[in-house]
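The values are calculated or read from the model by the stated rules, or taken from the named source; none is laboratory data. This is a predicted model, so every value here is computed, not measured. Keep in mind that these areas ignore ligands, DNA and RNA; they rest on the heavy atoms of the full protein, side chains included. Shrake-Rupley method; radii C 1.70, N 1.55, O 1.52, S 1.80 Å.
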Amino acid sequence: MMTTNEKSKLPPGREPLTSDWFAEQLGVSQRKVMGLTVAKRALEKRLERIEARAEVLEELIMDVVADMQDNVLKSVILERINKVMQRLDADD
């Protein structure tokens, strides 16, 4: 505990800090960290989905380019694109 002499060293209107105040601040900090951890995990999952989608689209582009070089019919290429896009939409 602070003595009267120690209290007088504090600026006017300032109360001495208590262990309850520190415990409360620690609790607030822990809640913030937990919230940030949850948000980080959600962003990581979102990134994984985006990366997987990018891989599928990259494969599609390579297949379409190969089909065009092989003079595959436009309707076949469009059908391939539509199937991939439907699969991606279903994954969302």
field: Enumeration of residues in segment 68-78 that are open to solvent by 100 Å² or more (accessible area, probe 1.4 Å) and in a helix (DSSP H, G or I)
entry: M68, Q69, K74
message: Here are the criteria: (1) open to solvent by 70 Å² or more (accessible area, probe 1.4 Å); (2) at pLDDT 90 or above; (3) within 34 Å of the chain's Cα centre (by Cα). Tell me which single one D92 does not satisfy.
response: (2)
message: I'm trying to understand the selection: among the residues of segment 24-34, which are under 16 Å from the mean Cα position of the chain (by Cα) and either hydrophobic (A, V, I, L, M, F, W, C) or modelled with pLDDT of 95 or more (or both)?
response: V33, M34
